[in-house]
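Engineer: Take this structure first; my questions come after.
The values are calculated or read from the model by the stated rules, or taken from the named source; none is laboratory data. What you see is a predicted model, and the numbers here were worked out from it, not measured in a lab. FYI the Cβ positions are ideal-geometry reconstructions off the backbone, even for glycines, and counts take in every protein chain you see. Surface areas here come from the heavy atoms of the whole protein model, side chains and all, with no ligands, DNA or RNA. Shrake-Rupley method; radii C 1.70, N 1.55, O 1.52, S 1.80 Å.
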Amino acid sequence: MKAFAIDELGQPGSVHDLPVPEPAEGQVRIRIAAAGLNPFDNAVVQGYLKDRMEHRFPLVPGMDASGTVEALGEGVESWAVGDEVFGSVGKRYLGEGTLAELTTMAAGTVARKPASVDHTAAAAIPVAGVTALVMADPLELSEGHVVLANGGTGGVGSYFVQIAARRGARVLAVCRGENADYARRLGAAEAFDYTADDVAEAVRSRFPDGIDAIADMHGDAENVARLAELIRSGGHVASAVGAADADALRERGIEGRNVNGMVTRASLDQLAGMLERGEIVTPEVATFSLDDVERALAAVATGHARGKIVVTMG
């Protein structure tokens, strides 16, 4: 099978001919139609996780995919050959990822793909969509709450802005100026250009009585701490990038949490249902071929990609 793989961390990869993987117990083999990329994938190929997880070489990156079940591992009864599914690989090691024509995935971290959602859109969902969903809950958003979405037009942000707006929150998206209209289409009430403005001062001027919450998809601890000065006592901060200092925030009467979007079938089903009912829409998606993965990963690495980046196998 064809797969994009790297032979050494931090070095360019290429399309390899690799053996077809066999599903282990509790796994399914998927013929991949599309694979979604996330910042995590760039971190893997750059070697940032070399001391945190087992790596298997040649290393095929990629966590998310949509495709068709082709084979079942022992003990799998919830899926049948021919089922169209989407999800994440669900493995405790790296190297047998989704940037390939075929891969194995845990049976419990995939869900049925709705007929109304194409494979490219489905591949854009798992990690980003689930992370956004997990972020929204601890922020306790409700009608009229004001929430600042830091990184509101990236992969996670594109889902979060929609979910928060759907819950009645007034969403303030922090993004580049050229993405402001996109943020508003997602449901943001206002957009703040971090390349042109001091965001903290701009928001303080606009909301002198403070805001209720911050959803951080793109900041560092120092930036998030400064933005958190805008939050009223009793407010909340959730960070998808580990930038919330829970102890320091607690001293100011603010609840802070760093979230991890653990993909499960239930969370995927929830997001698929929201798409089917029109409660959210697929973010803007840029597609690349398997031969062009290096360029796709470079786009992810900039930290400025709008919406999602998906590699298609067709």
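Engineer: Quick one: count up the residues across the stretch 85-95 that are buried (at least 21 other Cβ atoms within 10 Å of the Cβ) and touching a residue at least 60 places away in the same chain (Cβ under 8 Å).
Structural biologist: Adding up the residues that qualify gives 3.
Engineer: Shifting gears a bit: Collect the residues in the stretch 27-66 that are of a type in the set (D, E, K, R) and closer than 16 Å to LYS91 by Cα, keeping them in residue-number order.
Structural biologist: Those that are of a type in the set (D, E, K, R) and closer than 16 Å to LYS91 by Cα: ARG29, ASP41, LYS50, ARG52, GLU54, ARG56, ASP64.
Engineer: Here's something else I'd like to know. Would you mention how many residues in the stretch 159-175 are part of a helix (DSSP H, G or I) and among the hydrophobic types (A, V, I, L, M, F, W, C)?
Structural biologist: Number satisfying all stated conditions: 5.
Engineer: Right, here's the next one. Might you let me know whether the stretch 241-261 holds any residue that is outside any helix (DSSP H, G or I) and touching a Leu at 6+ places or on another chain (Cβ under 6 Å)? Spell out how you get there, then give the answer.
Structural biologist: At the first step, the residues of the stretch 241-261 found to be outside any helix (DSSP H, G or I) are 241-245, 252-261.
Checking the rest, the ones that are also touching a Leu at 6+ places or on another chain (Cβ under 6 Å) come to 256.
The answer is yes, given that some residue of the stretch 241-261 is outside any helix (DSSP H, G or I) and touching a Leu at 6+ places or on another chain (Cβ under 6 Å).
Engineer: Still on this model: What's the total number of residues in the stretch 185-234 that are assigned to a helix (DSSP H, G or I) and closer than 16 Å to ALA248 by Cα?
Structural biologist: Of the residues in the stretch 185-234, the ones assigned to a helix (DSSP H, G or I) are 185-186, 199-206, 221-228.
With the extra rule that they be closer than 16 Å to ALA248 by Cα, the set shrinks to 221-228.
Residues that pass the stated criteria total 8.
Engineer: Still on this structure, I have one more. Please state which one of VAL20, VAL44 is buried (at least 21 other Cβ atoms within 10 Å of the Cβ) and in contact with a Leu (Cβ under 6 Å, 6 or more places away or on another chain).
Structural biologist: Being buried (at least 21 other Cβ atoms within 10 Å of the Cβ) and in contact with a Leu (Cβ under 6 Å, 6 or more places away or on another chain) holds for just one of VAL20, VAL44, which is VAL44.
Engineer: Right, here's the next one. Under 7 Å between Cβ atoms, which residue pairs at least 6 apart in sequence (or on different chains) link something in the stretch 161-189 that is within 14 Å of LEU139 (Cα to Cα) with a partner that is open to solvent by 70 Å² or more (accessible area, probe 1.4 Å)?
Structural biologist: That search, which allows pairs on different chains as well, returns GLY168/GLU143.
Engineer: Within the stretch 145-171, count every residue that is touching a Lys or Arg at 6+ places or on another chain (Cβ under 8 Å), farther than 19 Å from GLY303 by Cα and open to solvent by less than 50 Å² (accessible area, probe 1.4 Å). First the steps, then the outcome.
Structural biologist: So in the stretch 145-171, the residues touching a Lys or Arg at 6+ places or on another chain (Cβ under 8 Å) come out as 145-147, 153-155, 158.
Narrowing further to those that are farther than 19 Å from GLY303 by Cα: 145-147.
Cutting the leftovers down to open to solvent by less than 50 Å² (accessible area, probe 1.4 Å) gives us 146-147.
Residues that pass the stated criteria total 2.
Engineer: Go through (1) on the phi < 0 side of the Ramachandran plot; (2) touching a residue at least 40 places away in the same chain (Cβ under 8 Å) and name the single condition GLY26 misses.
Structural biologist: (1)
Engineer: Shifting gears a bit: I'm told ASP216 meets every condition in (1) open to solvent by 70 Å² or more (accessible area, probe 1.4 Å); (2) charged (D, E, K, R); (3) touching a Gly at 6+ places or on another chain (Cβ under 9 Å); (4) within 22 Å of PRO39 (Cβ to Cβ) except one. Can you identify the failing condition by its number?
Structural biologist: (1)
Engineer: Continuing with this model, one more query. For the stretch 233-249, give me the residue count where each residue is in contact with a helix residue (DSSP H, G or I) (Cβ under 7 Å, 6 or more places away or on another chain) and open to solvent by 90 Å² or more (accessible area, probe 1.4 Å).
Structural biologist: The qualifying residues number 0.
Engineer: Regarding the stretch 56-67, can at least one residue be identified that is of a type in the set (D, E, K, R), closer than 30 Å to GLY303 by Cβ and open to solvent by 60 Å² or more (accessible area, probe 1.4 Å)?
Structural biologist: Checked the stretch 56-67: at least one residue is of a type in the set (D, E, K, R), closer than 30 Å to GLY303 by Cβ and open to solvent by 60 Å² or more (accessible area, probe 1.4 Å).
Engineer: Then there's this: Starting from residues that are among the acidic types (Asp, Glu) and open to solvent by 50 Å² or more (accessible area, probe 1.4 Å), keep the ones in the stretch 177-209 and report whichever is modelled with the lowest pLDDT.
Structural biologist: Of the residues in the stretch 177-209, the ones among the acidic types (Asp, Glu) are 178, 181, 190, 193, 197-198, 201, 209.
Checking the rest, the ones that are also open to solvent by 50 Å² or more (accessible area, probe 1.4 Å) come to 178, 181, 197-198, 201, 209.
Numbers: GLU178: 97, ASP181: 98, ASP197: 88, ASP198: 96, GLU201: 97, ASP209: 97.
Per the criteria, the residue is ASP197.
Engineer: Something else about it: Within the stretch 270-313, track down each residue that is open to solvent by 50 Å² or more (accessible area, probe 1.4 Å) and in a helix (DSSP H, G or I).
Structural biologist: Listed by number, the residues that qualify are GLN270, GLU276, ASP291, GLU294, ARG295, ALA298, ALA301.
Engineer: Counting only residues that are under 14 Å from VAL147 (Cα atoms) and free of Cβ contacts under 8 Å to residues at least 24 places away in the same chain, which one in the stretch 221-232 is most open to solvent (accessible area, probe 1.4 Å)? Even if it seems obvious, please write down each step before you answer.
Structural biologist: Let us first name the residues in the stretch 221-232 that are under 14 Å from VAL147 (Cα atoms), namely 224, 227-232.
Next, from what is left, pick out any that are free of Cβ contacts under 8 Å to residues at least 24 places away in the same chain: 231-232.
Values: ILE231: 13, ARG232: 89 Å².
Applying the filter and picking the extreme gives ARG232.
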